[in-house]
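In what follows, a structure is listed as structure tokens, so that the remarks can point back to it.
Rule-based calculations on the coordinates, nothing more; no lab input. None of the values given here were measured: they were computed from a predicted structure. Cβ sites come from the backbone with ideal geometry, for glycine too, and all protein chains shown count toward neighbours.
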Amino acid sequence: MDLGYHQDLQRQYEQQFGNNGGYSHGTREKSLLPQRSVVSKGKYCLQDFQIMRTLGTGSFGRVHLVRSVHNGRYYAMKVLKKQQVIKMKQIEHTNDERRMLKLVEHPFVIRMWGTFQDARNLFMVVDYIEGGELFSLLRKSHRFPNPVAKFYAAEVTLALEYMHAHNIIYRDLKPENILLDRNGHIKITDFGFAKEVVTVTWTLCGTPDYIAPEVITTKPYNKSVDWWSLGVLIFEMLAGYTPFYDTTPMKTYEKILQGKVNYPPFFHPDAVDLLSKLITADLTRRLGNLQSGSDDIKSHPWFSEVVWEKLLAKDIETPYEPPITPGVGDTSLFDQYPEEHLDYGIKGEDPYAQYFTDF
Ligand SMILES: Nc1ncnc2c1ncn2[C@@H]1O[C@H](COP(=O)(O)OP(=O)(O)OP(=O)(O)O)[C@@H](O)[C@H]1O
């Protein structure tokens, strides 16, 4: 555990905001949602970008740092191998991901600029988020002090509230999918499991440690699976480990179904109260799923200092400013990945063309 780093983070945050993290008491937001964009996003091609290093790898391909040959700006380009998408039966999820990304427009959600394809790959161009994954910061810090966890949790809450207002269930909340921008605000990325759902859905997906019990038991489920995952995320930020951690996914699922959470004694009582109301299998008790929806979470005592309007306007200083040079393609906060020969831009016969007509 890197205690010095951890204490620095706390000291830095308290210096900036005082003990209450700079939030003021008792205010609640009325309307959060910016208008859905009607601007159509442009069509690009591979020649519009210079491909640089790999920022991350996923199950179907990799994400590259790229530079626009037109405006010199940096973007992230997610590349998915069609064959792999098909092999893993993810055609629908991939088309959903593109559709959801095109739809969303929120300060704490990644912005997509365009998509295209070649005979073998699908390409999605999104903003390059320079500060790295919240996951890396959390592992480096071991765990976050209460006000730091609260800051990130509050921004995530606004992002989820926005998605749910547009009938999008996100389904893959975890620190690996939360990036930090140059100022330290969050951006939720990876809409690979996001889905537009008005009522309920059934698919088993997500990441074992973060999956709600109703998803494991393949019952119909709704948006409230994301509020369960928010509870797991807050737990992990405060504790440094997830509440149902075990050595295999099966054992983790068993623990989730047993539903017993051991709260470390250093958790603030308000945090324990909130988490016990999020990490609950009882859907008639889970906050976010009740009559007042996300307002019940936002007005919970753990969040009492948060001024939601200021947070949405990014008018609250962040607890950690990533140590990078902005705007120059600085990748120092991303892990190194072995680069491989790229087969991008291949023309010719495309046996999978009919599956990805939107790209
Ligand atoms: N816009 C971005 N800016 C900077 N880095 C990014 C961006 N998008 C993705 N990354 C990096 O690439 C990694 C993989 O991206 P993403 O999660 O979207 O891919 P994936 O193929 O869906 O991954 P997985 O299979 O793990 O779900 C991220 O964890 C992050 O480190």
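The table below lists the values:
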{"quantity": "Tail weight of P(r) past 15 Å, computed on alpha-carbon pairs of segment 302-359, percent", "calculated": "77 percent"}
{"quantity": "Share, in percent, of DSSP beta bridges within the chain that are antiparallel, nearest 5", "calculated": "95 percent"}
{"quantity": "Inverse of mean 1/r across different Cα pairs in segment 224-359, Kirkwood, Å", "calculated": "19.4 Å"}
{"quantity": "Largest-first ellipsoid semi-axes for segment 133-313, taking √(5λ) over the Cα gyration tensor eigenvalues, angstrom", "calculated": "22, 19, 17"}
{"quantity": "Neighbour-limited loop hits for trypsin sites (Lys or Arg not before Pro), segment 246-286 (at most 11 other Cβ within 10 Å; DSSP other than H, G, I, E, B)", "calculated": "Lys260"}
{"quantity": "Neighbour-count ranking [beta-carbon atoms within 10 angstrom, fewest first] of Lys195, Lys87", "calculated": "Lys87, Lys195"}
{"quantity": "In sequence order, calculated HN-Hα J values of segment 343-356 (Karplus, 6.51, -1.76, 1.60; Hz; x Gly/Pro)", "calculated": "9, 6, x, 5, 9, x, 5, 10, x, 10, 3, 5, 7, 10"}
{"quantity": "Residues Phe144, Phe266, Phe49, sorted so that the one with the fewest Cβ neighbours within 10 Å comes first", "calculated": "Phe266, Phe49, Phe144"}
{"quantity": "The chain: calculated mean residue ellipticity at 222 nm from DSSP helix runs of at least 4, using -39500 (n - 2.57)", "calculated": "-9000 deg cm²/dmol"}
{"quantity": "Exceeding the 24 Å Cα-Cα cut-off - candidates Lys187/Lys314; Lys277/Lys310; Lys81/Lys251; Lys150/Lys251; Lys78/Lys347", "calculated": "Lys277/Lys310; Lys81/Lys251; Lys150/Lys251"}
{"quantity": "Flagged links, alpha-carbon separation over 26 Å, of Lys89/Lys174; Lys43/Lys195; Lys89/Lys195; Lys82/Lys140; Lys82/Lys102; Lys82/Lys223", "calculated": "Lys82/Lys140; Lys82/Lys223"}
{"quantity": "Relative contact order (percent, whole number), segment 94-190, Cα cutoff 8 Å, 6+ residue spacing", "calculated": "35 percent"}
{"quantity": "Per-residue ³J(HN,Hα) for segment 310-321, Karplus 6.51 cos²θ - 1.76 cosθ + 1.60, θ = phi - 60°, Hz, x for Gly and Pro", "calculated": "5, 5, 4, 7, 6, 9, 10, 5, 7, x, 8, 9"}
{"quantity": "Measure of compaction for the chain (Cα Rg per 2.2 N^0.38 Å)", "calculated": "0.99"}
{"quantity": "Between helix 249-258 and the chain: long-axis angle, C-alpha atoms, 0 to 90°, nearest 10", "calculated": "40 degrees"}
{"quantity": "Ranking of Trp202, Trp308, Trp228 by count of other Cβ atoms within 10 Å, fewest first", "calculated": "Trp202, Trp308, Trp228"}
{"quantity": "In order through segment 268-273: 3J(HN,Hα) via Karplus (6.51 cos²θ - 1.76 cosθ + 1.60), integer Hz, x for Gly, Pro", "calculated": "5, x, 5, 5, 4, 5"}
{"quantity": "Segment 133-313: relative contact order in percent, alpha carbon pairs under 8 Å with at least 6 residues between", "calculated": "22 percent"}
{"quantity": "Residues listed by number, segment 44-84, amide nitrogen under 19 Å from Glu340 label point at 7 Å toward C-beta", "calculated": "51-66, 77-84"}
